[in-house]
Amino acid sequence: MRFRPSFQIKLFIYLVMLFMTLFSIAGIYYYYDIERQLYEDMGTRAKVQAEEIALIPSLITAVENKDVPAINHLMMSISARSDASYMVIGDGKAIHLFHSIYADRVGKMLVGGDNGDVLAGRSTTTIRLGGIGLSLRSKAPIINGQGNVVGIVSVGYLTSHINNLTIEKVIRILLAAATLLLALFTFSWFFSRSIKRQMFSLEPREIGLLVRQQKALMESIYEGVIAIDAQLRVAVINQAAKKLLSLDVPSRELRGQPLGQVIAPVSFFDPQVMLEKDIHDEICLFNNLTVIASRVRIMLEDQLQGWVITFRDCSDIDRLSIQLSQVQRYADNLRVIRHEQLNWTATLAGLLHMGRYDEAIRYIEAQSESAQELLDFVSARFCSPKLCGLLLGKYARAREKGVELKFDPACELTHLPAALSETELMSIIGNLLDNAIEATLLRGNEAGPVDVYVVSGADDLVIEVADHGIGIAPERRGQIFSLGVTSKTQGDHGLGLHLVASYVSHAGGTIEVSDNPPTGAVFSVFIPHHRPEEKSGFMPVNPRPEALEESK
């Protein structure tokens, strides 16, 4: 298995390499800079010494007279006090009169090839290979009282001596740099460990994976989610939230914006209320959308970091409630059928127990004939077994309540529209029948039957449910399909017809509400077998004030 160093080790190594590279570059630069400065300083020092010695009167006289002992006596005392590597005195013909190191050089020519300018009366500073090695030397002319050049003074520093001085300075600098590097290494180690601790000991690749997972998780949540910081600025917002709030702005542009610029201010976002407590499942209005919202504080080390707000469209919850209530109605229908069957069985058992077999046979024939006729009609005319069960259950429930449910002889359902599921069709018919039965019951004994007409036409599925109820008040026209509109005081409130309208609109169909003289209403539903390119929203046609409706 290949070794992978941790983020802390890699960061420490990178910092060490960076510091060492910087110090190496700086060391090389300062080495050459120090060497250059030393050469300049030594050259200046040699020049000053040479020119000062050339001005000594006793030396001028001794050189002019070529008094070697006097020159030797004078220069030995001077060279002993100087830090120069050597001192040389020559006459006007560049012949040695004194050499501080090699006395046997007296009488020999000065070497180096740089004597011409000096004999011409000019001081020079050069690096030349002399009798004792490569050196930095400065030469000055010795001029007598008549202005004639009578000799040469040469003061030199060996380059090896200068290099030794340079190395000594560099070593001192390197020692200081090593101490600084050690301090930087220590700092790098603790700095990298601090960074690792702040990242919860996670590697960068692990953090990147967590960020991607968090983003995927946020986008997979069906509910809208918004995270805000302590200053009420948007930190995170998912796609579901932007869709619900009708925001077309990219998420990165929403981050950092005040929450009030994303969602119109409401009491739900009052800072004082938000600090007091968390809230769950509160109905609010976000940008003209009714939602069910929750708000939870984010606490880290007892410090408020912000809030997480989750919300979803209130209509989604209503839809679930509607479907649940529909299931409840199916269960009620089954209980009605079971109750009726128990009564029928109890009656039959009593007749048999009393020995009235002829009456029992006639009772069975009477009940079976009516039930069988309805069963044969429904099962032969409707292709959906589930819908057949629903219609038989509604028939039994209506009869138990004293309402007659009549099926038009022309009823026939051979296939379902492409845009409508079997469950949705059952919900449409079931809610229309429940609405008609409830409306009929409001008129009491004067009400007539509820007529049902379901036909699969060439182009549309036609569903008509007509009752003889109490009708619709004029002020309620156009509102009967809105969520919550109802005249009931118990049970579901304004859900049934709203659900019918939703399913019909989704399938691209239309609903018409008309009168059913002398009183009552007819609900007509038209659903195309093939979904049109443009779905038409539902719109009640000609809703007259007399048209009956009793919204679930």
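Each row is one residue, and each column tells you yes or no for (1) under 12 Å from ILE152 (Cα atoms); (2) not β-branched (Val, Ile, Thr).
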position	(1), (2)
ILE53	yes, no
PRO69	no, yes
ILE78	no, no
SER85	no, yes
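Is it the case, given these coordinates, that GLU359 is at pLDDT below 80, among the acidic types (Asp, Glu) and either in contact with a strand residue (DSSP E or B) (Cβ under 9 Å, 6 or more places away or on another chain) or in a helix (DSSP H, G or I) (or both)? No; evaluated as a whole, the condition is false for this residue.
With respect to (1) in contact with a Phe, Trp or Tyr (Cβ under 7 Å, 6 or more places away or on another chain); (2) among the aliphatic types (A, V, I, L, M); (3) touching a residue at least 60 places away in the same chain (Cβ under 8 Å), the lone exception for ILE34 is condition (1).
Per the conditions (1) assigned to a strand (DSSP E or B); (2) touching a residue at least 40 places away in the same chain (Cβ under 8 Å); (3) surrounded by fewer than 16 Cβ atoms within 10 Å (Cβ to Cβ), the sole criterion not satisfied by ASN163 is (1).
For the stretch 1-58, the set of residues classified as of a type outside the set (Lys, Arg), modelled with pLDDT under 75 and not in a helix (DSSP H, G or I) consists of MET1, PHE3, PRO5, SER6, listed by residue number.
Looking across the stretch 179-211, the residues that are loosely packed, with under 11 Cβ neighbours inside 10 Å, among the hydrophobic types (A, V, I, L, M, F, W, C) and modelled with pLDDT under 75 come down to PHE200, VAL211.
Just one of SER100, SER123, SER135 is in contact with a Phe, Trp or Tyr (Cβ under 7 Å, 6 or more places away or on another chain), at pLDDT 85 or above and of a type in the set (Ser, Thr, Tyr); which is it?
SER100
Regarding the stretch 411-421, can at least one residue be identified that is crowded, with 18+ Cβ neighbours inside 10 Å, of a type in the set (Val, Ile, Thr) and touching a residue at least 24 places away in the same chain (Cβ under 8 Å)? No, the stretch 411-421 has no match at all. Touching a strand residue (DSSP E or B) at 6+ places or on another chain (Cβ under 9 Å), in a strand (DSSP E or B) and either assigned by TED's automatic domain parsing to the domain that holds ALA521 or at negative phi (or both): is that true of LYS406 in this structure? Criteria met by LYS406. For the stretch 68-110, filtering for residues that are surrounded by fewer than 16 Cβ atoms within 10 Å (Cβ to Cβ) and under 15 Å from ALA140 (Cα atoms) leaves 1. Which residue is modelled with the lowest pLDDT, if the candidates are limited to the stretch 473-519 and must be acidic (Asp, Glu) and not in a helix (DSSP H, G or I)? Restricting to residues being acidic (Asp, Glu) and not in a helix (DSSP H, G or I), the top hit is ASP492.
Residues of the stretch 381-395 being touching a strand residue (DSSP E or B) at 6+ places or on another chain (Cβ under 9 Å) and part of a helix (DSSP H, G or I), which ones? Across the stretch 381-395, the qualifying residues are ARG381, LEU387, CYS388, LEU391, LYS394, TYR395.
Within the stretch 520-530, the set of residues being more than 19 Å from LEU416 (Cα to Cα) and outside any strand (DSSP E or B) comprises GLY520 only.
The values are calculated or read from the model by the stated rules, or taken from the named source; none is laboratory data. In this text, all values refer to a predicted model and were calculated from it rather than measured experimentally. With ideal geometry, Cβ positions are generated from the backbone for all residues, glycine too; neighbour counts draw on all protein chains shown.
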